[in-house]
Amino acid sequence: MKHVSEKIMKYAAGLPEGAPIVAKALLHLGSRAAVDQALSRLVQRGALLRAGRGLYVRPVESRFGTRAPAAEKVVAALAQQCGETVTPSGAAAANALGLTEQVPVRSVYLTSGPSRRLKVGRQTVELKHAPRWQLALAGRPAGEAVRALAWLGQAKAGPALTKLKRTLPPSAFREMVSVSPLLPPWIAKPVSEIAAYG
């Protein structure tokens, strides 16, 4: 068992911060039972952290001690590994764009994959399945604007769009207009109107 544990740690050492470690990716090191037992023992020793069911991450060691990897890095690496689109929630987007002063207290991301929770050190990260239109333009300012509008709701969308027209770069606002056919009517209509009439 020690042999499998050593191989797992050697494998983990070559991964970037936050990269997920799953048993299925380690079956070349031993049987499924041996890998599962080794992972469990590595968690008990603190050499690995259990982030979710069947999902592990390596803690980060620095001159200040050991810490959990950054939640954003775990989420980004998981999204890449699973082939999902993952992006910060509308609450985070609205705050970043100056549309609300509320600071989200929980880490919530929208995903094209299944809803689930991850435990990254002491922090719980929630991944919520979202419709395709809320994931449009992930990682781009126009996409952040779409998610912020969805979070703000229909009553606040008009005033928020007026502010976004002033604060977003023109290219980002044009990008948002370009995806308006994907958006629900209560967002698409004011986006088109502001684009046409200012």
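Checking residue 8 against (1) modelled with pLDDT of 90 or more; (2) closer than 23 Å to residue 125 by Cα; (3) surrounded by 18 or more Cβ atoms within 10 Å (Cβ to Cβ); (4) not aromatic (Phe, Trp, Tyr), only one condition comes out false. Which one?
Only one criterion is unmet by residue 8, namely (2).
I'm trying to understand the selection: among the residues of the range 92-103, which are assigned to a loop (DSSP other than H, G, I, E, B), without any contact (Cβ under 8 Å) to a residue 60 or more places away in the chain and closer than 26 Å to residue 188 by Cβ?
Those that are assigned to a loop (DSSP other than H, G, I, E, B), without any contact (Cβ under 8 Å) to a residue 60 or more places away in the chain and closer than 26 Å to residue 188 by Cβ: 100, 102.
Hey, can you tell me all the residues within the range 25-48 that are without any contact (Cβ under 8 Å) to a residue 12 or more places away in the chain and farther than 23 Å from residue 70 by Cα?
Once the filter is applied, which keeps residues that are without any contact (Cβ under 8 Å) to a residue 12 or more places away in the chain and farther than 23 Å from residue 70 by Cα, the range 25-48 yields 27, 28, 31, 32, 33.
Residue 110 passes all but one of (1) out of contact with any Lys or Arg (no Cβ under 7 Å at 6 or more places or on another chain); (2) modelled with pLDDT of 95 or more; which number fails?
Single failed check for residue 110: (1).
Which members of the range 65-83 meet the condition of being buried (at least 18 other Cβ atoms within 10 Å of the Cβ) and in contact with a strand residue (DSSP E or B) (Cβ under 8 Å, 6 or more places away or on another chain)?
Correct list: 68, 69, 71, 74, 75, 78, 79.
Taking only pairs six or more apart or across chains, which ones have beta-carbon atoms under 7 Å, a first residue in the range 162-185 that is under 16 Å from residue 94 (Cα atoms), and a second residue that is in a helix (DSSP H, G or I) and of a type in the set (Lys, Arg)?
As it stands, the answer is 173/165, since those pairs meet every condition given.
This table checks each residue for (1) within 22 Å of residue 104 (Cα to Cα); (2) among the charged types (D, E, K, R); (3) not assigned by TED's automatic domain parsing to the domain that holds residue 87.
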position	(1), (2), (3)
153	yes, no, yes
158	no, no, yes
165	no, yes, yes
172	no, no, yes
191	no, no, yes
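The values are calculated or read from the model by the stated rules, or taken from the named source; none is laboratory data. These figures come from a predicted structure and were not determined experimentally. Here the Cβ is made from the backbone with ideal geometry for all residues, glycine too, and neighbour counts use every protein chain on show.
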